[in-house]
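So the structure is just underneath, and the comments pick up after that.
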Amino acid sequence: MTFDWSVVWQHRDALAGGTATTFLLTFATMAIAVPCGLLVAALRLNGPAPVRAIATAYVELFRNLPLILVVYWAYYVLPILTGLGLPALATGLAALSLNVTAYNSETFRAGINSIRRGQVEAAMALGMSRAQALRRVVAPQALRRITPVLASTWVSLFKDTSLVSVIAVTELAYVSMQIRAQTFRVLEMLTAMAAIYWLLGYPQAKLVDWIQRRYAVTE
Amino acid sequence: MSNASDLSLTRVKAGGSTIIRYMEVVKRYGDFTALSGVSLDVYAGEVVCLIGPSGSGKSTLLRCTNGLETIDGGDIEFEGSRLARDERGLRAMRQRMGMVFQNFELFPHLTAEQNVAEGPRTVQRSGTAEARRRALAMLDKVGLADKAASFPSALSGGQQQRVAIARALAMEPDVMLFDEPTSALDPETIGEVLGVMKALADEGMTMVVVTHEMSFARRVGDWVAVFDAGRIVEEGPPAQIFDRPATARTRDFLSHLGWNG
(Lines give C-alpha, C1' and ligand atoms only; values in the text may rest on other atoms or scores of the structure.)
Protein backbone atom coordinates (compact mmCIF):
# COMPACT_ATOMS: atom_id res chain seq x y z
CA MET A 1 0.00 0.00 0.00
CA THR A 2 1.43 3.34 -0.98
CA PHE A 3 0.52 6.72 0.39
CA ASP A 4 0.43 9.90 -1.55
CA TRP A 5 0.45 12.81 0.87
CA SER A 6 0.93 15.29 -1.94
CA VAL A 7 -2.82 15.17 -2.45
CA VAL A 8 -3.19 17.22 0.73
CA TRP A 9 -0.83 19.92 -0.49
CA GLN A 10 -2.41 19.97 -3.95
CA HIS A 11 -5.77 20.77 -2.42
CA ARG A 12 -4.44 23.23 0.13
CA ASP A 13 -6.55 26.09 -1.19
CA ALA A 14 -9.77 24.11 -0.93
CA LEU A 15 -8.83 22.92 2.57
CA ALA A 16 -7.98 26.47 3.62
CA GLY A 17 -11.32 27.64 2.27
CA GLY A 18 -13.11 24.87 4.18
CA THR A 19 -11.24 25.78 7.35
CA ALA A 20 -12.24 29.41 6.92
CA THR A 21 -15.88 28.37 6.57
CA THR A 22 -15.59 26.24 9.72
CA PHE A 23 -14.33 29.26 11.65
CA LEU A 24 -16.98 31.47 10.06
CA LEU A 25 -19.72 29.02 11.15
CA THR A 26 -18.32 28.88 14.69
CA PHE A 27 -18.07 32.66 15.05
CA ALA A 28 -21.42 33.36 13.40
CA THR A 29 -23.22 30.70 15.46
CA MET A 30 -21.86 32.12 18.70
CA ALA A 31 -22.61 35.68 17.57
CA ILE A 32 -26.24 34.61 17.22
CA ALA A 33 -26.47 32.14 20.08
CA VAL A 34 -25.04 34.35 22.83
CA PRO A 35 -27.57 37.22 22.56
CA CYS A 36 -30.41 34.82 21.70
CA GLY A 37 -29.44 32.54 24.59
CA LEU A 38 -29.46 35.54 26.91
CA LEU A 39 -32.88 36.52 25.63
CA VAL A 40 -34.31 33.01 26.09
CA ALA A 41 -32.82 32.84 29.60
CA ALA A 42 -34.32 36.24 30.46
CA LEU A 43 -37.73 35.09 29.17
CA ARG A 44 -37.50 31.89 31.23
CA LEU A 45 -36.55 33.81 34.35
CA ASN A 46 -38.82 36.83 34.09
CA GLY A 47 -41.35 36.32 31.32
CA PRO A 48 -45.09 35.85 31.84
CA ALA A 49 -46.11 32.21 32.35
CA PRO A 50 -47.02 31.36 28.72
CA VAL A 51 -43.78 32.88 27.42
CA ARG A 52 -41.83 30.99 30.06
CA ALA A 53 -43.51 27.77 28.96
CA ILE A 54 -42.68 28.35 25.31
CA ALA A 55 -39.06 29.23 26.10
CA THR A 56 -38.74 26.13 28.28
CA ALA A 57 -40.26 23.92 25.59
CA TYR A 58 -37.84 25.32 23.02
CA VAL A 59 -34.82 24.69 25.24
CA GLU A 60 -35.86 21.18 26.20
CA LEU A 61 -36.63 20.29 22.60
CA PHE A 62 -33.37 21.42 21.05
CA ARG A 63 -31.17 20.36 23.94
CA ASN A 64 -32.42 16.81 23.61
CA LEU A 65 -32.40 16.31 19.86
CA PRO A 66 -29.29 15.02 18.07
CA LEU A 67 -27.73 17.96 16.26
CA ILE A 68 -27.51 16.05 13.00
CA LEU A 69 -31.28 15.57 13.09
CA VAL A 70 -31.74 19.31 13.54
CA VAL A 71 -29.44 19.92 10.58
CA TYR A 72 -31.49 17.60 8.35
CA TRP A 73 -34.70 19.09 9.70
CA ALA A 74 -33.54 22.62 8.91
CA TYR A 75 -32.58 21.51 5.44
CA TYR A 76 -35.76 19.65 4.50
CA VAL A 77 -38.52 20.99 6.76
CA LEU A 78 -37.63 24.65 7.31
CA PRO A 79 -38.11 25.60 3.61
CA ILE A 80 -41.53 23.93 3.62
CA LEU A 81 -42.59 25.71 6.80
CA THR A 82 -41.24 29.13 5.91
CA GLY A 83 -41.46 29.02 2.13
CA LEU A 84 -37.89 30.27 2.05
CA GLY A 85 -35.21 28.45 0.13
CA LEU A 86 -32.13 29.29 2.15
CA PRO A 87 -28.61 28.55 0.91
CA ALA A 88 -26.92 25.58 2.57
CA LEU A 89 -24.60 27.77 4.64
CA ALA A 90 -27.49 29.77 6.11
CA THR A 91 -29.43 26.57 6.78
CA GLY A 92 -26.45 25.06 8.57
CA LEU A 93 -26.02 28.24 10.56
CA ALA A 94 -29.70 28.20 11.54
CA ALA A 95 -29.47 24.59 12.75
CA LEU A 96 -26.32 25.21 14.77
CA SER A 97 -27.76 28.42 16.22
CA LEU A 98 -31.00 26.71 17.31
CA ASN A 99 -28.97 24.08 19.11
CA VAL A 100 -26.34 26.30 20.72
CA THR A 101 -28.89 28.97 21.72
CA ALA A 102 -30.69 26.30 23.75
CA TYR A 103 -27.43 25.32 25.47
CA ASN A 104 -26.35 28.91 26.05
CA SER A 105 -29.70 29.87 27.55
CA GLU A 106 -29.29 27.10 30.10
CA THR A 107 -25.77 28.30 30.84
CA PHE A 108 -26.99 31.86 31.38
CA ARG A 109 -29.94 30.74 33.46
CA ALA A 110 -27.78 28.59 35.71
CA GLY A 111 -25.22 31.37 36.01
CA ILE A 112 -27.80 33.93 37.08
CA ASN A 113 -29.53 31.49 39.43
CA SER A 114 -26.22 30.64 41.07
CA ILE A 115 -25.96 34.14 42.54
CA ARG A 116 -27.35 34.14 46.08
CA ARG A 117 -30.59 36.00 46.70
CA GLY A 118 -28.84 37.91 49.48
CA GLN A 119 -26.65 39.62 46.90
CA VAL A 120 -29.66 41.18 45.21
CA GLU A 121 -31.10 42.10 48.61
CA ALA A 122 -27.85 43.80 49.60
CA ALA A 123 -27.94 45.79 46.37
CA MET A 124 -31.59 46.72 46.85
CA ALA A 125 -30.98 47.67 50.49
CA LEU A 126 -28.53 50.27 49.18
CA GLY A 127 -31.38 51.70 47.11
CA MET A 128 -30.56 50.10 43.77
CA SER A 129 -33.30 49.28 41.31
CA ARG A 130 -33.66 45.68 40.14
CA ALA A 131 -32.04 46.63 36.84
CA GLN A 132 -29.09 48.23 38.64
CA ALA A 133 -28.73 45.19 40.90
CA LEU A 134 -28.70 42.95 37.83
CA ARG A 135 -26.18 45.10 36.00
CA ARG A 136 -23.84 45.98 38.86
CA VAL A 137 -24.05 42.92 41.10
CA VAL A 138 -25.56 39.84 39.44
CA ALA A 139 -24.23 40.12 35.88
CA PRO A 140 -20.54 40.62 36.71
CA GLN A 141 -20.57 37.65 39.07
CA ALA A 142 -22.63 35.46 36.77
CA LEU A 143 -20.35 36.28 33.85
CA ARG A 144 -17.36 34.87 35.71
CA ARG A 145 -19.17 31.60 36.20
CA ILE A 146 -20.57 31.55 32.68
CA THR A 147 -17.40 32.37 30.74
CA PRO A 148 -15.69 28.98 31.23
CA VAL A 149 -18.88 27.14 30.23
CA LEU A 150 -19.31 29.29 27.12
CA ALA A 151 -15.68 28.57 26.25
CA SER A 152 -16.31 24.81 26.48
CA THR A 153 -19.40 25.19 24.32
CA TRP A 154 -17.23 27.05 21.82
CA VAL A 155 -14.77 24.16 21.56
CA SER A 156 -17.59 21.64 21.12
CA LEU A 157 -19.20 23.86 18.52
CA PHE A 158 -15.96 24.16 16.57
CA LYS A 159 -16.00 20.38 16.08
CA ASP A 160 -19.77 20.06 15.71
CA THR A 161 -19.80 22.39 12.72
CA SER A 162 -18.59 19.30 10.80
CA LEU A 163 -22.15 17.95 11.04
CA VAL A 164 -23.46 20.50 8.55
CA SER A 165 -21.34 18.75 5.90
CA VAL A 166 -24.33 16.42 5.45
CA ILE A 167 -26.20 19.27 3.75
CA ALA A 168 -23.24 20.21 1.55
CA VAL A 169 -22.00 23.25 3.44
CA THR A 170 -18.45 23.60 2.17
CA GLU A 171 -16.71 23.63 5.54
CA LEU A 172 -13.61 21.65 6.41
CA ALA A 173 -15.24 18.21 6.76
CA TYR A 174 -17.26 18.51 3.57
CA VAL A 175 -14.29 19.75 1.55
CA SER A 176 -12.10 16.91 2.86
CA MET A 177 -14.73 14.33 1.99
CA GLN A 178 -15.12 15.79 -1.49
CA ILE A 179 -11.38 15.59 -2.13
CA ARG A 180 -11.40 12.03 -0.77
CA ALA A 181 -14.21 11.09 -3.16
CA GLN A 182 -12.44 12.62 -6.13
CA THR A 183 -8.95 11.25 -5.43
CA PHE A 184 -9.78 8.01 -3.54
CA ARG A 185 -7.07 9.02 -1.04
CA VAL A 186 -9.14 7.99 1.95
CA LEU A 187 -6.47 7.57 4.59
CA GLU A 188 -4.55 10.67 3.57
CA MET A 189 -7.58 12.94 3.55
CA LEU A 190 -9.07 11.65 6.79
CA THR A 191 -5.70 12.00 8.46
CA ALA A 192 -5.25 15.50 7.08
CA MET A 193 -8.72 16.44 8.26
CA ALA A 194 -8.05 15.02 11.71
CA ALA A 195 -4.73 16.87 11.88
CA ILE A 196 -6.27 20.19 10.94
CA TYR A 197 -9.15 19.87 13.42
CA TRP A 198 -6.80 18.79 16.16
CA LEU A 199 -4.15 21.43 15.52
CA LEU A 200 -6.81 24.13 15.54
CA GLY A 201 -8.90 22.65 18.34
CA TYR A 202 -6.13 21.86 20.81
CA PRO A 203 -5.00 25.46 21.38
CA GLN A 204 -8.64 26.46 21.84
CA ALA A 205 -9.11 23.74 24.43
CA LYS A 206 -5.95 24.89 26.22
CA LEU A 207 -7.27 28.44 26.14
CA VAL A 208 -10.48 27.19 27.76
CA ASP A 209 -8.45 25.54 30.52
CA TRP A 210 -6.71 28.83 31.11
CA ILE A 211 -10.00 30.76 31.16
CA GLN A 212 -11.41 28.29 33.67
CA ARG A 213 -8.47 28.85 35.99
CA ARG A 214 -8.48 32.59 35.41
CA TYR A 215 -12.15 33.04 36.22
CA ALA A 216 -12.35 30.55 39.06
CA VAL A 217 -14.69 32.09 41.62
CA THR A 218 -13.42 32.47 45.15
CA GLU A 219 -15.84 33.56 47.83
CA MET B 1 -41.11 56.39 92.03
CA SER B 2 -38.50 59.02 92.50
CA ASN B 3 -35.33 57.25 93.49
CA ALA B 4 -32.34 57.34 91.14
CA SER B 5 -32.36 53.70 90.08
CA ASP B 6 -35.73 54.16 88.45
CA LEU B 7 -34.18 56.51 85.91
CA SER B 8 -32.87 53.39 84.20
CA LEU B 9 -36.44 52.24 83.73
CA THR B 10 -37.56 55.24 81.70
CA ARG B 11 -37.23 55.66 77.98
CA VAL B 12 -34.56 58.31 77.98
CA LYS B 13 -34.67 59.21 74.30
CA ALA B 14 -38.44 59.07 73.96
CA GLY B 15 -38.49 62.86 73.80
CA GLY B 16 -36.91 62.83 70.35
CA SER B 17 -38.69 62.39 67.07
CA THR B 18 -39.95 58.97 66.04
CA ILE B 19 -37.83 57.54 63.25
CA ILE B 20 -39.65 54.26 62.77
CA ARG B 21 -43.12 53.38 63.96
CA TYR B 22 -44.41 49.83 63.55
CA MET B 23 -48.18 49.67 63.89
CA GLU B 24 -49.86 46.28 64.26
CA VAL B 25 -47.58 44.80 61.58
CA VAL B 26 -48.73 41.43 60.23
CA LYS B 27 -46.66 39.18 57.98
CA ARG B 28 -47.66 35.74 56.75
CA TYR B 29 -45.87 33.11 54.70
CA GLY B 30 -48.67 30.92 53.42
CA ASP B 31 -50.27 29.42 56.52
CA PHE B 32 -47.46 30.52 58.79
CA THR B 33 -47.91 33.84 60.58
CA ALA B 34 -44.46 35.32 61.14
CA LEU B 35 -45.70 38.56 62.68
CA SER B 36 -49.11 38.81 64.26
CA GLY B 37 -49.63 42.48 65.03
CA VAL B 38 -46.32 43.96 66.16
CA SER B 39 -46.21 47.56 67.37
CA LEU B 40 -42.99 49.31 68.31
CA ASP B 41 -41.55 52.83 68.18
CA VAL B 42 -37.93 53.69 67.45
CA TYR B 43 -36.84 57.18 68.49
CA ALA B 44 -34.03 59.25 67.03
CA GLY B 45 -30.65 58.32 68.46
CA GLU B 46 -31.91 55.16 70.09
CA VAL B 47 -30.40 51.69 69.91
CA VAL B 48 -33.36 49.32 69.90
CA CYS B 49 -32.45 45.65 70.27
CA LEU B 50 -34.81 42.92 69.11
CA ILE B 51 -34.20 39.69 70.99
CA GLY B 52 -36.00 36.39 71.26
CA PRO B 53 -35.81 32.79 70.09
CA SER B 54 -35.06 31.87 66.47
CA GLY B 55 -38.12 32.11 64.25
CA SER B 56 -39.89 34.51 66.59
CA GLY B 57 -40.17 37.21 63.91
CA LYS B 58 -37.38 39.67 64.80
CA SER B 59 -35.54 39.39 61.49
CA THR B 60 -38.80 39.44 59.59
CA LEU B 61 -39.76 42.74 61.21
CA LEU B 62 -36.36 44.18 60.34
CA ARG B 63 -36.71 43.05 56.72
CA CYS B 64 -40.16 44.62 56.52
CA THR B 65 -38.65 47.94 57.63
CA ASN B 66 -36.91 48.56 54.31
CA GLY B 67 -39.39 46.62 52.22
CA LEU B 68 -37.29 43.51 51.56
CA GLU B 69 -40.47 41.80 52.77
CA THR B 70 -43.92 43.20 52.13
CA ILE B 71 -46.34 43.36 55.02
CA ASP B 72 -49.80 41.79 54.98
CA GLY B 73 -51.40 44.02 57.58
CA GLY B 74 -50.83 47.04 59.76
CA ASP B 75 -48.46 49.78 58.78
CA ILE B 76 -44.90 51.02 59.07
CA GLU B 77 -44.00 54.70 59.21
CA PHE B 78 -40.51 55.93 58.48
CA GLU B 79 -39.63 59.50 59.42
CA GLY B 80 -43.25 60.47 59.57
CA SER B 81 -44.46 59.01 56.30
CA ARG B 82 -45.94 55.67 55.46
CA LEU B 83 -43.47 53.15 54.05
CA ALA B 84 -43.70 53.37 50.27
CA ARG B 85 -45.31 50.47 48.45
CA ASP B 86 -43.99 51.40 45.00
CA GLU B 87 -40.45 50.61 43.81
CA ARG B 88 -39.48 54.24 43.35
CA GLY B 89 -40.62 55.46 46.73
CA LEU B 90 -39.16 52.42 48.41
CA ARG B 91 -35.78 53.02 46.79
CA ALA B 92 -35.74 56.59 48.09
CA MET B 93 -36.50 55.35 51.62
CA ARG B 94 -33.92 52.56 51.45
CA GLN B 95 -31.22 55.13 50.78
CA ARG B 96 -31.90 56.56 54.24
CA MET B 97 -31.78 53.14 55.94
CA GLY B 98 -28.52 51.22 56.07
CA MET B 99 -28.75 47.47 56.39
CA VAL B 100 -26.21 44.94 57.61
CA PHE B 101 -26.84 41.25 56.95
CA GLN B 102 -25.97 38.13 58.89
CA ASN B 103 -23.91 36.78 55.97
CA PHE B 104 -22.32 40.16 55.15
CA GLU B 105 -23.35 39.91 51.49
CA LEU B 106 -20.36 41.88 50.31
CA PHE B 107 -20.04 41.90 46.53
CA PRO B 108 -17.27 39.31 45.96
CA HIS B 109 -16.19 40.74 42.60
CA LEU B 110 -15.38 44.14 44.12
CA THR B 111 -12.62 45.23 46.50
CA ALA B 112 -13.48 46.52 49.97
CA GLU B 113 -13.22 50.09 48.71
CA GLN B 114 -15.35 49.39 45.64
CA ASN B 115 -17.95 47.68 47.82
CA VAL B 116 -18.26 50.77 49.99
CA ALA B 117 -18.20 53.15 47.02
CA GLU B 118 -20.88 51.21 45.14
CA GLY B 119 -23.88 52.85 46.83
CA PRO B 120 -22.71 56.46 46.49
CA ARG B 121 -21.55 55.78 42.95
CA THR B 122 -24.48 53.84 41.51
CA VAL B 123 -27.39 55.03 43.61
CA GLN B 124 -26.48 58.58 44.60
CA ARG B 125 -24.43 59.21 41.45
CA SER B 126 -21.94 61.14 43.51
CA GLY B 127 -19.10 60.85 41.00
CA THR B 128 -16.17 58.45 41.16
CA ALA B 129 -13.81 60.72 43.09
CA GLU B 130 -16.38 61.61 45.74
CA ALA B 131 -17.50 57.97 46.07
CA ARG B 132 -13.90 56.92 46.53
CA ARG B 133 -13.22 59.62 49.09
CA ARG B 134 -16.28 58.61 51.07
CA ALA B 135 -15.41 54.91 50.80
CA LEU B 136 -11.93 55.47 52.21
CA ALA B 137 -13.32 57.64 55.01
CA MET B 138 -15.84 54.95 55.97
CA LEU B 139 -13.25 52.16 55.83
CA ASP B 140 -11.07 54.28 58.09
CA LYS B 141 -14.00 54.69 60.46
CA VAL B 142 -14.35 50.91 60.84
CA GLY B 143 -10.58 50.55 61.15
CA LEU B 144 -9.94 48.94 57.77
CA ALA B 145 -8.30 51.70 55.74
CA ASP B 146 -5.39 49.35 55.06
CA LYS B 147 -7.72 46.74 53.52
CA ALA B 148 -9.19 49.06 50.88
CA ALA B 149 -7.69 47.08 48.00
CA SER B 150 -8.52 43.64 49.42
CA PHE B 151 -11.24 41.46 47.98
CA PRO B 152 -13.78 40.07 50.46
CA SER B 153 -12.38 36.55 50.04
CA ALA B 154 -9.11 37.78 51.54
CA LEU B 155 -10.79 39.20 54.65
CA SER B 156 -11.83 37.51 57.89
CA GLY B 157 -15.52 37.31 58.75
CA GLY B 158 -15.20 40.15 61.22
CA GLN B 159 -13.41 42.31 58.68
CA GLN B 160 -16.02 41.52 56.03
CA GLN B 161 -18.79 42.55 58.39
CA ARG B 162 -17.01 45.80 59.20
CA VAL B 163 -16.72 46.52 55.47
CA ALA B 164 -20.44 45.77 55.18
CA ILE B 165 -21.11 48.31 57.95
CA ALA B 166 -18.93 50.84 56.11
CA ARG B 167 -20.85 50.12 52.91
CA ALA B 168 -24.14 50.93 54.63
CA LEU B 169 -22.71 54.03 56.33
CA ALA B 170 -21.40 55.40 53.03
CA MET B 171 -24.99 56.18 52.07
CA GLU B 172 -25.18 58.46 55.12
CA PRO B 173 -28.34 56.82 56.41
CA ASP B 174 -30.59 58.12 59.19
CA VAL B 175 -30.99 54.67 60.70
CA MET B 176 -29.00 51.45 60.62
CA LEU B 177 -30.68 48.05 60.56
CA PHE B 178 -28.58 45.12 61.79
CA ASP B 179 -29.83 41.60 61.09
CA GLU B 180 -27.92 39.28 63.44
CA PRO B 181 -24.62 40.91 62.47
CA THR B 182 -22.45 38.59 64.56
CA SER B 183 -24.27 35.27 64.20
CA ALA B 184 -22.09 34.05 61.32
CA LEU B 185 -18.83 35.10 62.91
CA ASP B 186 -16.09 33.18 64.68
CA PRO B 187 -16.16 34.00 68.39
CA GLU B 188 -12.80 35.79 68.22
CA THR B 189 -14.04 38.31 65.62
CA ILE B 190 -17.40 39.11 67.21
CA GLY B 191 -15.81 41.69 69.49
CA GLU B 192 -14.42 43.86 66.72
CA VAL B 193 -17.83 44.10 65.03
CA LEU B 194 -19.64 44.87 68.28
CA GLY B 195 -16.97 47.49 68.97
CA VAL B 196 -17.73 49.27 65.70
CA MET B 197 -21.44 49.11 66.46
CA LYS B 198 -20.89 50.50 69.96
CA ALA B 199 -18.85 53.40 68.54
CA LEU B 200 -21.66 54.08 66.08
CA ALA B 201 -24.21 54.10 68.90
CA ASP B 202 -22.03 56.50 70.88
CA GLU B 203 -22.10 58.89 67.93
CA GLY B 204 -25.87 58.97 68.21
CA MET B 205 -26.78 56.76 65.24
CA THR B 206 -30.30 55.38 65.42
CA MET B 207 -30.00 51.60 65.29
CA VAL B 208 -32.36 48.64 65.20
CA VAL B 209 -30.39 45.51 66.05
CA VAL B 210 -31.60 41.93 65.84
CA THR B 211 -29.15 40.09 68.04
CA HIS B 212 -28.36 37.09 70.18
CA GLU B 213 -25.59 39.02 71.92
CA MET B 214 -27.34 39.70 75.23
CA SER B 215 -24.40 41.56 76.73
CA PHE B 216 -24.45 43.96 73.78
CA ALA B 217 -28.19 44.52 74.21
CA ARG B 218 -27.65 45.03 77.92
CA ARG B 219 -24.75 47.46 77.62
CA VAL B 220 -25.48 49.36 74.41
CA GLY B 221 -29.22 49.04 73.95
CA ASP B 222 -31.52 51.89 74.99
CA TRP B 223 -34.62 49.82 74.52
CA VAL B 224 -35.16 46.09 74.19
CA ALA B 225 -38.09 44.26 72.64
CA VAL B 226 -38.51 40.57 73.37
CA PHE B 227 -40.12 38.55 70.58
CA ASP B 228 -41.91 35.25 70.85
CA ALA B 229 -44.02 33.53 68.21
CA GLY B 230 -44.53 36.63 66.09
CA ARG B 231 -45.33 39.02 68.94
CA ILE B 232 -43.51 41.36 71.25
CA VAL B 233 -44.07 39.81 74.67
CA GLU B 234 -42.24 42.50 76.56
CA GLU B 235 -40.40 45.73 75.87
CA GLY B 236 -38.49 48.06 78.08
CA PRO B 237 -35.08 49.44 78.98
CA PRO B 238 -32.32 46.81 79.33
CA ALA B 239 -32.32 47.18 83.10
CA GLN B 240 -35.91 46.00 83.20
CA ILE B 241 -35.64 43.24 80.60
CA PHE B 242 -32.47 41.70 81.94
CA ASP B 243 -32.73 42.39 85.66
CA ARG B 244 -36.44 42.38 86.34
CA PRO B 245 -38.20 40.68 83.41
CA ALA B 246 -41.93 41.11 83.78
CA THR B 247 -43.08 38.08 81.80
CA ALA B 248 -42.44 34.37 82.14
CA ARG B 249 -41.61 34.25 78.41
CA THR B 250 -38.75 36.68 78.83
CA ARG B 251 -37.47 34.85 81.90
CA ASP B 252 -37.63 31.52 80.03
CA PHE B 253 -35.79 32.90 77.05
CA LEU B 254 -33.05 34.50 79.13
CA SER B 255 -32.59 31.44 81.32
CA HIS B 256 -32.24 29.26 78.23
CA LEU B 257 -29.36 31.47 77.21
CA GLY B 258 -27.84 31.08 80.65
CA TRP B 259 -28.39 34.75 81.39
CA ASN B 260 -28.33 35.42 85.09
CA GLY B 261 -28.27 39.18 85.30
In whole Å, largest first, the alpha carbons of the range B:33-74 cover along the principal axes 30, 22, 18
Starting from a Cα-only point model with no solvent, please compute log10 I(q)/I(0) by Debye for the range B:74-168 at q = 0.11, 0.14, 0.18, 0.25 1/Å.
-0.36, -0.55, -0.81, -1.21
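Treating only the Cβ of Lys, Arg, Asp and Glu as charged (+1, +1, -1, -1), what charge dipole size does the range B:195-250 show about its Cα centre? Round to the nearest 20 debye.
Numbers: 6 positive and 8 negative charges, 31 e Å.
Result for the range B:195-250 is approximately 140 debye, rounded to the nearest 20.
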Given 15 as the ceiling on other Cβ atoms within 10 Å, longest exposed-site-free region of chain A for chymotrypsin sites (Phe, Trp or Tyr not before Pro) in DSSP loops:
A:6-183
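FRET efficiency for B:Trp259 and B:Ala129, Cβ-Cβ distance as r, R0 = 56 Å, nearest 0.05? Each step should come with its number before you reach the end.
Numbers: r = 49 Å, r/R0 = 0.87.
Once rounded, the FRET efficiency stands at 0.70.
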Considering protein heavy atoms only and a 1.4 Å probe radius, which residues within the range A:186-219 exhibit an accessible-area decrease of no less than 10 Å² in the full assembly relative to the chain by itself?
A:Thr218, A:Glu219
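Counting only helical runs of four or more DSSP H residues, what would the 222 nm mean residue ellipticity of the protein assembly as shown come to if each run contributes -39,500 (n - 2.57) and the total is spread over all its residues?
It lands at -17000 deg cm²/dmol.
For the range B:156-250, how big is Rg over Rh, using alpha carbon atoms and the Kirkwood form of Rh? Please report the intermediate quantities before stating the final value.
Working: Rg = 14.1 Å, Rh = 14.3 Å.
Result for the range B:156-250 is an Rg/Rh of 0.99.
Under a 1.4 Å probe, what is the accessible area of the protein assembly as shown per residue, stated in Å²? Mind dumping the intermediate values first?
Working: 22310 Å² over 480 residues.
Computed with neighbouring chains in place, this is 46 Å² per residue.
Calculate the tail of P(r) for the protein assembly as shown: the fraction of all Cα-Cα distances greater than 31 Å, expressed in %. Don't skip to the answer; put the middle values down first.
Numbers: 65777 of 114960 pairs.
Of all Cα-Cα distances in the protein assembly as shown, 57 percent exceed 31 Å.
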Measuring from the longest principal axis of the C-alpha atoms of chain A, the long axis of helix A:12-46 (C-alpha) lies at a number of degrees, nearest 10, equal to 20 degrees
Lys/Arg Cβ at +1, Asp/Glu Cβ at -1, dipole of the range A:130-219 taken about the Cα centre: which of A:Val155, A:Val166, A:Ala131 is farthest positive-ward?
A:Ala131
All lysines inside 29 Å of A:Lys159 as judged from Cα atoms, apart from same-chain residues fewer than 8 positions distant:
A:Lys206
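Could you tell me which of rounded, prolate or oblate describes chain A, using a ≥ b ≥ c as the square roots of the eigenvalues of the alpha-carbon gyration tensor, with rounded for a/c under 1.5 and, failing that, prolate when a/b is larger than b/c and oblate otherwise? Provide the component values of the computation, followed by the final result.
Numbers: a/c = 3.56, a/b = 1.78, b/c = 1.99.
Verdict is oblate for chain A.
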Could you work out how far helix A:67-82 tilts from the main Cα principal axis of chain A, as a 0 to 90 degree angle to the nearest 10?
80 degrees
In nanometres, what is the gap between the two model label sites at B:Ser39 and A:Ala110, each 7 Å from Cα along Cα-to-Cβ?
5.3 nm
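Calculate, in whole percent, how much of the Cα-Cα pair population of the range A:1-123 lies beyond 22 Å. List each step's numbers first, then the result.
Values: 3900 of 7503 pairs.
The calculated P(r) of the range A:1-123 puts 52 percent of pairs beyond 22 Å.
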Using only Cα atoms, tell me the angle between helix A:172-183 and the longest principal axis of chain A; keep it within 0 to 90° and round to the nearest 10.
10 degrees
So what's the range B:1-124 giving for Cα Rg divided by 2.2 N^0.38 Å, two decimals?
1.26
When we measure straight from the Cα of B:Lys141, which lysines land under 30 angstrom away, once same-chain ones fewer than 8 places off are left out?
B:Lys13, B:Lys58, B:Lys198
At a Cα cut-off below 14 Å, give the aspartates and glutamates reachable from B:Lys147, other chains included and same-chain residues fewer than 8 away excluded.
B:Glu113
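As an exercise, identify the trypsin sites (Lys or Arg not before Pro) in the range B:100-149 lying in DSSP coil whose Cβ has no more than 16 other Cβ atoms within 10 Å. Intermediate results must be reported in sequence, preceding the final value.
Working: sites: B:Arg121, B:Arg125, B:Arg132, B:Arg133, B:Arg134, B:Lys141, B:Lys147; in loops: B:Arg125.
Loop-located and lightly packed - B:Arg125.
Give a quick list of GluC sites (Glu not before Pro) in the range B:1-95 that DSSP marks as loop, anything other than H, G, I, E or B, with at most 13 other Cβ atoms within 10 Å.
Details: sites: B:Glu24, B:Glu46, B:Glu69, B:Glu77, B:Glu79, B:Glu87; in loops: B:Glu46, B:Glu69, B:Glu79.
Here no GluC sites (Glu not before Pro) fit, given the DSSP loop and packing criteria.
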Just how far, in whole angstrom, is the range B:185-217 from the range B:10-39 if you go by their alpha carbon centroids?
21 Å
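The values are calculated or read from the model by the stated rules, or taken from the named source; none is laboratory data. Predicted model, so just to flag it, every value in this text is computed and none were measured. FYI the Cβ positions are ideal-geometry reconstructions off the backbone, even for glycines, and counts take in every protein chain you see. Side chains are part of the model used for accessible areas, which takes the heavy atoms of the whole protein and leaves out ligands, DNA and RNA. Shrake-Rupley method; radii C 1.70, N 1.55, O 1.52, S 1.80 Å.
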